[in-house]
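The values are calculated or read from the model by the stated rules, or taken from the named source; none is laboratory data. Predicted model, so just to flag it, every value in this text is computed and none were measured. So basically every Cβ, Gly included, is an ideal-geometry build from the backbone, and we count neighbours across all protein chains shown. Please note that ligands, DNA and RNA were not included when accessible areas were found on the heavy atoms of the full protein model with its side chains. Shrake-Rupley method; radii C 1.70, N 1.55, O 1.52, S 1.80 Å.
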Amino acid sequence: MKPVQIVLEDKESLDRVDGPLKVAGAATYSAEYQVDKPAHAVLVTSTIAKGIIAKIESEKASSAKGVLAVISHLNAPVIPGYPAPKQPAERAPVGTSFRLFYDHFIYFDGQPVALVVAETLEQANHAASLVRVEYQKETHATDFEANAISAVVPQSVLRSQNSPFKDYERGDPDAIDRAEVKIESTYTIPTQHHQPLEPHAIIAVWEAEDKLTVYDKNQGVKSAQGNLAQVFKLPRANVKVISPFIGGAFGSGIRVWPHTIAAVLAAKHIRRPVKLVLGREQMFTSVGYRPYTVQKVAVGASKAGNLTAIVHEGTGQTSQYEEHLERTILAGRSLYACPNVITKYRLLNLDVNTPTWMRGPGDATGMFALESALDELSYALKIDPLELRLRNYAETDPERNLPFSAKSLRQCYEKGAEAFGWKNRAPEPGLMKNKGMLVGYGMASSLYGFHRHPSMAKAIMLENGSVVVQSATMDIGPGTGTAMTRIASQVIGISSRKIRFDLGDSSLPDAPGQNGSSTIPSVGSAVFAACTALKAKLAKLAAEMPGGDTASYQEILRFHKLAQVEAQEESKSGPERDQYSMYSFGCHFLEVHVHPLTFEVKVTRAVTCADVGKVINYKTARSQSIGGLVGGIGMALMEASVMDHRFGRYVTSDFASYHIPVHADVPQMEVLFIDQPDVRVNPIGSKGLGEIAIVGVAAAIANAVFHATGKRVRELPITVDKLI
Ligand code: MOS
């Protein structure tokens, strides 16, 4: 690896470069693009969870005013990327991506069974209500608890040589039985849905027989491009995906979902652009969710508080056709210096749609259990929860037996505890009161693996001295353009006002989607590389002209009669990946007030401290951390998608019943960073922040609730019925 250069010296923060566009309503979101004569499409979705479609009556819908097409498996144009259906048709085996309008099988309630396309949205909605679908129902299984016994080792794990989800054992497998002090508990996370404010939406335009443009809400234009090219058997270069503005996604936009395929198919069918916007209710069955997960955690320690064993078993739900795996049980292998660790991961296939990654996927789920268990252990040991974590601090990664590339978690604990006033915590639950309220303090650790994917960026100096930087990366809200502008400004040494950053367009230089807190580590490094290369080119041009050492960039281009100078670079990981264990770290301290009679819980204070290496832009980084805390409050206290298992259908499929935090639920928050560059991970010394911002927050709140009330809630969300 080349010697590391840290370029960001000042702590000034940039305001969001696209802030003015967003607040003025001038940012164009997927459904808002102006195209020629768009038709409107509305999905008709199944009302049973398992069975087959016996009959579809679509004549009324087809002859309704303005209707252009009613598409179902009975008449859908062939999707060239799908294999020919078996004769007779068979249910898709585990490991099959969902295929739209493929055959008559129903796999979950809310499955798309038909698409109505009409001149106006109102006409499409009306006609959709006229489509009659008859089913032959089969007995469905949607209730996790009732079917838990059927959980299995995922097939993809069985097939894989070195999956991290294989059963894991280090040290003495019986250590837990011999522990001087031991805790064993079961923790449950309900299904939760991302529910960004902007619903998923697409406008599909066929520019020619083999040329497609989509304005589609997603988290990765390049991966969406690849997927659409594959499904519609087109050369990649003939598929253009545009998605520069996204009104939140939280993981729901990482995949291409059936509604996107539906719109593209319909546009091909009617030879006109088609717009499709999911309704809020459809957002509960069309774009994934955080899976219902049950975890059993046992932790053992010596009386002195040294961990001797961690056993972490987790089972998540998935659909009958796909296996969604997430990092639920992994954190305990690396977070603490514990010699004996066992982890097991299982999946339970149910008649539901496939879950997907959501805000700290797996880690947020797993850390709720692990950090709740550590808290339980601290009370059993009568050791302060923070002290317990410090006593078991991992100086090196006990899983891989490697040094960490950098780790300032100890400083996070110290800085966070100091700012929060952790030393004022009463050692026993139920002792602290304020204005008649029970007061509780809770804390938890956070860790999240470092992800850096190969990324390209191009930097172009124009003759007016301004710079355009381009990469096919995304911004689902954290402020990607702002951070990249800041890196470019620092490297090239010009004002951020002279820089424009282009993203969210598949024709830009190749970059990964925005997920796994990987954007700044990956794309930030590419922007750094491209801008460094551009600067070197300009320096070389300057050296070739008289007075070049004092010439401005404009003068350099003018002298050489160049309209622009550009540099494109790729940036990726090197051998350091095998030499170090790489993680972002953090911790959260939360205070709750609990009403002594109604047991209403209110989060009253929050302090979070993160070690993400170099902080690129304080203002947007702080917003990321606040967003994580808010998401954690939702996870801990409110969010749950409740299903009526008689029908296998969600009954909380709107914002009136699916509760997320509002302003009144969110207290003043203090966000702290260690801000020490991790010089081993990449040239900018910066690691991911998005996920550690939420990982652990739900545990810290549950721990605070226990400290306030003496009641341990192991099943999220912590609602009053569980406390009273
Ligand atoms: Mo995130 S769940 O990787 O958008």
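Of note:
- Phi angles across the range 141-149 convert, under the Karplus curve 6.51 cos²θ - 1.76 cosθ + 1.60 with θ = phi - 60°, into 3J(HN,Hα) values of 10, 10, 8, 4, 4, 6, 10, 3, 4 Hz, Gly and Pro given as x.
- Label-point gap, in nm, between residue 619 and residue 34 - each point 7 angstrom along Cα→Cβ: 3.1
- Size of charge dipole - the range 1-143 - debye, nearest 20, with Cβ of Lys, Arg +1 and Asp, Glu -1, no other charges: 480
- Probe 1.4 Å - accessible area at residue 59, Å² to nearest ten: 120
- For the range 621-651, backbone nitrogen atoms closer than 19 Å to the point 7 Å from residue 600 Cα along Cα-to-C-beta are found at 633-639.
- Debye log10 I(q)/I(0) for the range 190-266, one point scatterer per Cα, at q = 0.21, 0.23 Å⁻¹: -0.88, -1.02
- Each Lys and Arg contributes +1 and each Asp and Glu -1, all at the Cβ; summed about the Cα centre of the chain, the dipole is approximately 560 debye.
- Spin-label zone in the range 597-624 - amide nitrogen under 15 Å from a point set 7 Å from the Cα of residue 666 along the C-beta vector: 603-608, 620-624
- The chain: radius of gyration over Cα atoms, expressed as a fraction of 2.2 N^0.38 Å: 0.99
- Surface accessible to a 1.4 Å probe, residue 138 within the full protein complex, Å²: 80
- Karplus (6.51, -1.76, 1.60) ³J(HN,Hα), θ = phi - 60°, over the range 20-27, in Hz, Gly and Pro reported as x: x, 4, 5, 6, 8, x, 9, 7
- Reach of residue 240 by Cα under 16 Å, taken over aspartates and glutamates that are not fewer than 8 positions away in the same chain: 207, 209, 210, 216, 502, 505, 510
- Rounded to the nearest 500, the 222 nm mean residue ellipticity of the chain from helices alone is -7000 deg cm²/dmol, with -39,500 (n - 2.57) taken per DSSP H run of at least 4 residues.
- Scalar couplings 3J(HN,Hα) for the range 209-221, obtained by applying the Karplus form with A = 6.51, B = -1.76, C = 1.60 to θ = phi - 60°, are 3, 10, 9, 10, 10, 10, 9, 9, 6, 7, 9, x, 5 Hz; x denotes Gly and Pro.
- Considering only 231, 260, 205, the residue lying farthest towards the positive end of the dipole of the chain is 205, judged by Cα position with unit charges set on Cβ.
- Loop-located trypsin sites (Lys or Arg not before Pro) in the range 353-435, at most 14 other Cβ atoms within 10 Å (DSSP): 382, 400, 435
- With the whole protein complex present, residue 97 retains an accessible surface near 70 Å², based on a 1.4 Å probe.
- If you take all other residues with their beta carbon under 12 Å from the beta carbon of residue 110, and give Lys and Arg +1 and Asp and Glu -1, the sum is -2.
- Of the listed residues 561, 268, the order by accessible area with a 1.4 Å probe, largest first, is 561, 268.
- Alpha carbon Rg of the range 202-310, scaled by the compact-globule rule 2.2 N^0.38 Å: 1.59
- Restricting attention to the chain, close to 80% of DSSP beta bridges with both partner residues there are antiparallel.
- Among 478, 522, 560 the positive-end extreme of the charge dipole of the range 426-572 (Cβ point charges): 478
- Cross-link pairs exceeding 28 Å between alpha carbons, from the set 498/687; 217/458; 222/268; 222/540; 50/268; 60/268: 222/540; 50/268.
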